[in-house]
Amino acid sequence: MSTFFKRCSTDDDFAKVSLFILERKHDIHQAYTTMDIVELVYSYVTEGHILQAIDESNQIMGAAAYYHGTTEKKFTDKEVAFVDIAIFDREHRGTRLFLNGLRFMVEHIMNEHPDVEELRLAALSENSYLCRLYSKFTTFTYSRESTLGEEIVFCGKINKISTILNKLSKV
């Protein structure tokens with residue numbers, strides 16, 4: 001099965017990805033309400049960037065979003081890209097799709113925002129799978145409180161992360 005990655009740029013893209021994320025809100029976290037997801041997606045549509053993974057029949061398999069800068073600094077810290085949501089269909093989790101999607105996102109950020117030096121990835125501390133995964137190519141930097149609990153933020157130099165992901169994709 002072929003997978004394609006692309007940035008959401010049309011109203012149709014945003015609508016499809018919004019529905020995809022909304023339908024999987026409890027896969028992100030059990031406490032998410034419909035309104036939480038609407039607010040989250042609105043924030044990414046207006047202040048961030050949303051990427052999607054699609055198959056050859058144009059069905060969405062996954063989505064991820066990032067901010068160029070951080071909300072804490074009102075996006076003035078343009079040397080940072082901050083990712084705090086990535087979701088894939090259950091049947092594609094644990095496959096190379098996540099790795100390929102992350103590699104695409106890193107390459108996309110490097111091409112679209114050459115001023116980005118650091119990539120930050122956030123995961124709820126209770127999500128041991130994601131925390132272990134992120135720690136393989138980034139470093140635990142700090143934790144913060146979110147509406148759903150403690151989040152662990154992992155950071156790394158984007159060039160180094162790109163190199164690691166490119167090596168992993170060849171394995």
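Selection within the stretch 1-19: residues that are open to solvent by less than 70 Å² (accessible area, probe 1.4 Å) and in contact (Cβ under 8 Å) with a residue 60 or more places away in the chain. The member of this set that is nearest to Gln52 (Cα to Cα) is Phe5. Of the set (1) open to solvent by less than 20 Å² (accessible area, probe 1.4 Å); (2) assigned to a loop (DSSP other than H, G, I, E, B), all apply to Tyr134 but (2).
Once the stretch 137-167 is narrowed to residues that are polar (S, T, N, Q) and either open to solvent by less than 20 Å² (accessible area, probe 1.4 Å) or in contact (Cβ under 8 Å) with a residue 60 or more places away in the chain (or both), the residue that is farthest from Tyr67 (Cα to Cα) is Asn166.
Look at the stretch 98-131 and say how many of its residues are in a helix (DSSP H, G or I) and over 13 Å from Ala64 (Cα atoms).
So the count comes out to 8.
Checking the condition modelled with pLDDT under 95 and surrounded by fewer than 19 Cβ atoms within 10 Å (Cβ to Cβ), which residue from Asp115, Asp77, Asp36 passes? When all the criteria are applied, what remains is Asp36. Residues that are open to solvent by 50 Å² or more (accessible area, probe 1.4 Å), in contact (Cβ under 8 Å) with a residue 40 or more places away in the chain, under 24 Å from Ser2 (Cβ atoms) and in contact with a Ser or Thr (Cβ under 7 Å, 6 or more places away or on another chain) do not occur anywhere in the stretch 84-99. For the stretch 80-104, a tally of residues being at pLDDT below 95 and out of contact with any Phe, Trp or Tyr (no Cβ under 7 Å at 6 or more places or on another chain) returns 16. Listed by first and then second residue, the pairs with beta-carbon distance under 8 Å, at least 6 apart or on different chains, first residue in the stretch 70-81 and under 12 Å from Leu119 (Cα atoms), second among the basic types (Lys, Arg), are Thr70/Arg120; Val80/Arg120; Ala81/Arg120.
The values are calculated or read from the model by the stated rules, or taken from the named source; none is laboratory data. These figures come from a predicted structure and were not determined experimentally. Every residue, glycine among them, receives a Cβ derived from its backbone with ideal geometry; neighbour counts consider all protein chains shown. Areas reflect the complete protein model, heavy atoms only, side chains present, ligands, DNA and RNA absent. Shrake-Rupley method; radii C 1.70, N 1.55, O 1.52, S 1.80 Å.
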